[in-house]
Amino acid sequence: MLSAECYYFPVPTKKRIAVVPGDGIGKEVVPNALEVVRASGAAVEFTTFDWGADRYLADGTTVPADGFPMLARDFDAIFVGALGDPRVPSNIHAKEILLGMRFKMDLYANVRPVRLLDASLCPLKNASPDDINFTVVRENTEGVYMDMGGNFKFGTPDEVATQEDINTRKGVERIIRFAFEYARANGREKVMMSGKSNVMTYAGGLWQRVFKEVAKEFSEIQTQHMYVDALCLQMVREPRSLDVIVTNNMFGDIITDLAAALQGGLGMAASGNIHPGRTSMFEPVHGSAPLIAGKNIANPMGSILTAAMMLAHLGLKAEAQKIESAVLDAVRELKMTVDVGGSLGTRECAQWIAERVAK
Ligand code: NAD
Ligand code: IPM
Ligand code: MN
């Protein structure tokens with residue numbers, strides 16, 4: 001006879017998502033992306049936090065005490081819009097919130113997929129979706145972003161400013177290994193490491209040595225090295241040759257804006273800030289775009305694709321897939337915002353995608 005437990009079907013638990021819309025267009029694209037996620041029927045629940053410039057200007061809070069441990073403890077993922085506001089010229093709140101999450105939660109892999117959805121979006125002549133399909137794995141916790149350095153004789157004609165580029169053996173090794181694991185898990189064939197080891201010889205030397213060592217564990221994956229200036233040329237001249245690129249924090253930041261242009265602009269680019277096994281954070285690549293904020297013209301597709309990336313990361317693959325194909329439909333049917341050649345507003349574009357997802 002069957003025991004009572006056999007009749008017990010647990011109700012699936014919802015994934016808990018912390019939402020930080022942030023500043024500028026973040027406050028517009030995020031609620032719209034959440035509508036699309038709701039339309040997908042994904043088993044998630046959202047809790048929104050008001051961290052950003054308004055809160056900072058109102059009461060001086062950037063991240064409340066216990067903010068990061070709370071996110072790690074109480075949530076499965078974090079969804080961020082953008083941070084940065086001209087009323088806070090020091091950018092202190094953005095540093096503490098955004099870089100705070102990346103650094104204090106040790107989200108060491110910034111994964112930025114670069115995929116062209118439709119030829120019409122690409123500024124390159126004759127480029128097709130097959131030509132632009134690669135991923136940048138950006139180191140996310142070290143380099144010049146560590147804010148180590150200082151000023152000597154500040155404000156005088158003899159001033160000296162230093163900004164240290166920090167590269168630890170552990171940090172370099174784990175991001176390179178992540179890139180190979182990513183390639184293996186996603187059926188990618190090649191990992192390219194990019195940097196400036198011809199000039200930054202100490203840090204570059206470490207990256208080169210570690211890359212060769214780690215590559216030995218992944219004999220089925222091809223390896224390649226390219227200086228980052230040459231890579232910029234390659235991204236425009238022959239993007240088809242690119243597969244997985246691993247690079248440091250600063251170069252990763254710069255080349256992913258260029259990569260965003262290949263996809264149609266910053267409004268199209270998605271990213272995840274990941275530490276495998278821990279609460280990770282997902283955000284579009286674009287910033288708060290203060291000049292277009294509040295006008296219902298920002299492109300919501302980058303944040304919608306970011307939400308899909310988050311769902312896939314959480315194991316909600318069918319919902320992620322539904323959202324991605326609805327975005328593709330929107331592109332093909334010109335249901336887009338003006339930056340990518342459409343005529344819809346932020347809300348109308350997201351609404352169209354949500355309706356397609358719900359079908
Ligand atoms: P930005 O990405 O905000 O804007 C660059 C250009 O792209 C602008 O012309 C803008 O109008 C356009 N753009 C960006 N996103 C768009 C979208 N979704 N739809 C249509 N057009 C879009 O970069 P910026 O101007 O260098 O920075 C503005 C502020 O954002 C700064 O405070 C910066 O520090 C911050 N920022 C934050 C993040 C983040 O939170 N992850 C990323 C980048 C910049
Ligand atoms: C990005 C942004 C951030 C970065 C800024 C806002 C600190 O440009 O996420 O690409 O430099 O990492
Ligand atoms: Mn950037």
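For the chain, averaging the sequence separation of C-alpha pairs within contact (under 8 Å, six or more residues apart) and dividing by the residue count gives a relative contact order of 23 percent.
A cut-off of 5 Å between modelled amide H atoms, ignoring neighbours fewer than 5 places along the same chain, links residue 114 with 134, 135, 136.
Which sequence of 160, 210 reflects their accessible areas, 1.4 Å probe, from the largest down?
Of 160, 210, the descending order of accessible area is 160, 210.
Other residues with beta-carbon under 12 Å from the beta-carbon of residue 308 carry, at +1 per Lys or Arg and -1 per Asp or Glu, a net charge of +1. For residue 270, the amide hydrogen comes within under 5 Å of the amide hydrogens of 285, counting only partners 5 or more places away or on other chains and with H modelled in the peptide plane.
In the assembled protein chains, residue 154 presents an accessible area of approximately 150 Å² (probe radius 1.4 Å).
Distance distribution note for the stretch 133-261: the fraction of Cα pairs above 22 angstrom is 38%. By the rule of a C-alpha distance below 19 Å, with chain neighbours fewer than 8 residues away ignored, the lysines paired with residue 95 are 27, 104. Within the listed set 185, 261, 53, the residue fluctuating most in the Gaussian network model of the chain (springs between alpha-carbon atoms under 10 angstrom) is 185.
Select from 44, 246, 114 the residue whose mean-square fluctuation is largest in a Gaussian network model of the chain (Cα-Cα springs shorter than 10 Å). Highest fluctuation of the listed residues: 44. The lysine pair tally for the stretch 133-261, using Cα distances under 17 Å and a gap of 8 or more places or different chains, is 4. Per-residue 3J(HN,Hα) values for the stretch 342-359, derived from phi via the Karplus relation 6.51 cos²θ - 1.76 cosθ + 1.60 with θ = phi - 60°, read x, 9, 8, x, 3, 5, 5, 5, 5, 4, 4, 5, 4, 5, 5, 5, 6, 4 Hz in sequence order (x marks Gly and Pro). In this structure the amide hydrogen of residue 288, modeled in the peptide plane, comes within under 5 Å of the amide hydrogens of 83, none closer than 5 places in sequence on its chain. What the Cα convex hull of the chain gives, in volume per residue, is 182 Å³. In order along the stretch 148-163, the phi-based Karplus estimate (6.51 cos²θ - 1.76 cosθ + 1.60, θ = phi - 60°) of 3J(HN,Hα) comes to 9, x, x, 10, 10, 6, 3, x, 9, x, 9, 4, 10, 10, 10, 9 Hz; Gly and Pro are listed as x. For residue 317, the lysines whose Cα comes closer than 16 Å to its Cα, not counting residues fewer than 8 places off in the same chain, are 14, 15. Basic side chains Lys and Arg get +1 at the Cβ, acidic Asp and Glu get -1 at the Cβ, and with that the dipole of the chain about its Cα centre reaches some 560 debye.
The values are calculated or read from the model by the stated rules, or taken from the named source; none is laboratory data. Note that this is a predicted model, so its numbers are computed, not measured. As a convention, Cβ positions derive from the backbone with ideal geometry for all residues, glycine included, and neighbour counts pool all protein chains shown. What goes into the accessible areas is simple: the full protein's heavy atoms, side chains included, and nothing from ligands, DNA or RNA. Shrake-Rupley method; radii C 1.70, N 1.55, O 1.52, S 1.80 Å.
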